[in-house]
Amino acid sequence: MNYFEPGQEIETTIVQISGDTIFLDLNAKTEGILDKAELCDDKGNVKVNEGDKIKAYYLSTKDGVPYFTTKIAGHNADTDMLEKAFQSGIPVDGKVEKEIKGGFEVKIGSARAFCPFSQMGYKQKEEPSFYIGRVMSFKIQEFKNEGKNIVLSNRAIGEMEYAENLKGLAAKYKEGDIVNGKVVELKDKGAVVDIGGVLAFLPISEITRGHIKQVSEKLSVDQEVKAKIIRTDWERERVSISTKELEADPWDTVADRYTEGKKVDGVIARVADFGVFVNLEEAIDGLVHISELDVDANTNLKKKFNVGDKMSVVVKSVDAKNKRIALTTTTSLEQDKTTAKYMSSQDDDGDTYNPFAALLKK
């Protein structure tokens with residue numbers, strides 16, 4: 001049989017839930033007992049299951065049976081237990097009786113305590129009237145004069161629960177995991193997605209491998225999506241996901257579709273100082289370098305070429321590993337020079353008559 005000190009915290013497993021009682025595994029012949037009401041929601045539904053692990057605090061032993069609690073309240077909130085709660089950090093339940101100067105008067109069992117305004121609520125603050133009459137959990141910050149002066153903090157409980165919640169989320173959601181979610185909000189830079197009680201952010205750059213200017217081109221509110229978790233920062237409450245990661249990468253097979261010398265009709269996707277990027281298919285762009293364009297070296301390409309215009313190009317080379325395709329226009333300078341050289345080599349007086357060349361000379 002294990003022996004415990006009043007207020008001692010243990011982590012144990014629920015072995016049975018029966019009637020109003022929860023039985024706890026103590027690795028002994030006798031099991032520990034916990035009041036089921038402590039682990040029920042506002043509607044009386046039990047929030048735990050047999051086999052779950054929980055943390056509990058030892059109260060006392062009656063008739064050889066150890067009794068535990070997850071918080072001090074009501075009949076077990078005598079002065080001795082409140083002092084133990086203070087020393088061990090055990091949560092206490094109290095009813096907020098009224099607003100007084102600087103905070104609230106809270107009743108815990110037969111004891112009266114004080115909770116400052118600054119220690120009531122966590123993250124979301126409410127008007128003082130919101131708390132009056134409510135039974136809430138607190139942590140005892142001060143215990144003086146044999147319990148005549150007790151100072152409480154509800155905020156400390158919120159911080160503790162929040163930390164435990166983050167720990168659970170960090171264990172549940174890891175980078176690389178595939179999750180299902182529902183879009184709850186569209187923003188300029190991405191979408192907010194509920195992935196099961198956790199709000200994750202899907203950046204616009206991670207929505208698809210193709211080009212989109214607005215999130216609404218691919219997503220809508222309430223749309224269900226499958227995504228990959230790409231980053232987690234639990235301290236800053238941030239989870240980033242990607243739907244693009246689950247799409248097949250067209251660059252894996254690009255060499256099969258774009259061979260050297262192939263003519264392709266594309267659309268100008270971007271104009272840079274050094275050349276023009278042409279979109280050949282979704283997520284596949286090639287570059288026509290400025291040296292391949294019929295322009296002077298000092299030409300402002302952005303004034304000569306417009307995004308969205310069609311352009312016929314010829315594939316020069318493909319580097320799938322580095323995701324690069326070199327293109328030339330169908331009437332490139334190189335082709336023009338080759339044609340001119342060929343035409344100039346033709347002579348009407350030669351052995352071979354070229355009617356096309358003769359026609360040009362007229």
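The values are calculated or read from the model by the stated rules, or taken from the named source; none is laboratory data. Being a predicted model, the structure only gives us computed values, none of them experimental. Using ideal geometry, Cβ is built from the backbone for each residue, glycine included, and neighbour counts are taken over all protein chains shown.
Here are the numbers for this structure:
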{"quantity": "Pairs where the first residue, in segment 4-15, is small (Gly, Ala, Ser) and the second is part of a strand (DSSP E or B), C-beta under 8 Å, 6+ apart", "calculated": "Gly7/Tyr57; Gly7/Tyr58"}
{"quantity": "Search result, residues across segment 1-52 that are touching a Cys at 6+ places or on another chain (Cβ under 8 Å) and surrounded by 13 or more Cβ atoms within 10 Å (Cβ to Cβ)", "calculated": "Val46"}
{"quantity": "Residue match in segment 198-214 (condition: in contact (Cβ under 8 Å) with a residue 12 or more places away in the chain, closer than 30 Å to Lys107 by Cα, out of contact with any Phe, Trp or Tyr (no Cβ under 7 Å at 6 or more places or on another chain) and part of a helix (DSSP H, G or I))", "calculated": "no"}
{"quantity": "Residue under evaluation Ile212, criteria (1) of a type in the set (A, V, I, L, M); (2) under 30 Å from Glu281 (Cα atoms); (3) not assigned by TED's automatic domain parsing to the domain that holds Gln223, criterion not met", "calculated": "(3)"}
{"quantity": "Pairs, first at positive phi in segment 38-59, second at pLDDT 90 or above, C-beta under 7 Å, six or more apart", "calculated": "Gly51/Thr13; Gly51/Ile14"}
{"quantity": "Asp273 being out of contact with any His (no Cβ under 6 Å at 6 or more places or on another chain), modelled with pLDDT of 90 or more and not hydrophobic (A, V, I, L, M, F, W, C)", "calculated": "yes"}
{"quantity": "Boolean, Lys84 is basic (Lys, Arg), under 21 Å from Lys144 (Cα atoms) and either in contact (Cβ under 8 Å) with a residue 12 or more places away in the chain or out of contact with any Pro (no Cβ under 9 Å at 6 or more places or on another chain) (or both)", "calculated": "yes"}
{"quantity": "Flag for Val92 being closer than 18 Å to Ile157 by Cβ and either basic (Lys, Arg) or touching a helix residue (DSSP H, G or I) at 6+ places or on another chain (Cβ under 6 Å) (or both)", "calculated": "yes"}
{"quantity": "Check on Ala170, free of Cβ contacts under 8 Å to residues at least 40 places away in the same chain, part of a helix (DSSP H, G or I) and among the hydrophobic types (A, V, I, L, M, F, W, C)", "calculated": "no"}
{"quantity": "Residue list for segment 79-111, restricted to those being part of a loop (DSSP other than H, G, I, E, B), exposed (fewer than 15 other Cβ atoms within 10 Å of the Cβ) and touching a strand residue (DSSP E or B) at 6+ places or on another chain (Cβ under 9 Å)", "calculated": "Gly89, Gly102"}
{"quantity": "Any chance Leu166 is within 30 Å of Val225 (Cα to Cα) and assigned by TED's automatic domain parsing to the domain that holds Lys218", "calculated": "no"}
{"quantity": "Residue match in segment 229-244 (condition: touching a Lys or Arg at 6+ places or on another chain (Cβ under 9 Å), part of a loop (DSSP other than H, G, I, E, B) and farther than 24 Å from Ala163 by Cα)", "calculated": "yes"}
{"quantity": "Lone qualifier among Gly168, Gly181 - being more than 10 Å from the chain's Cα centre (by Cα), surrounded by fewer than 13 Cβ atoms within 10 Å (Cβ to Cβ) and farther than 29 Å from Asn279 by Cβ", "calculated": "Gly168"}
{"quantity": "Identity of the residue in segment 112-136, surrounded by 18 or more Cβ atoms within 10 Å (Cβ to Cβ) and in a strand (DSSP E or B), that ends up farthest from the chain's Cα centre (by Cα)", "calculated": "Ala113"}
{"quantity": "Matching residues in segment 186-204 - criterion: being over 20 Å from Trp234 (Cα atoms) and either outside the structural domain of Arg236 (by TED's automatic domain parsing) or exposed (fewer than 12 other Cβ atoms within 10 Å of the Cβ) (or both)", "calculated": "Asp188, Lys189"}
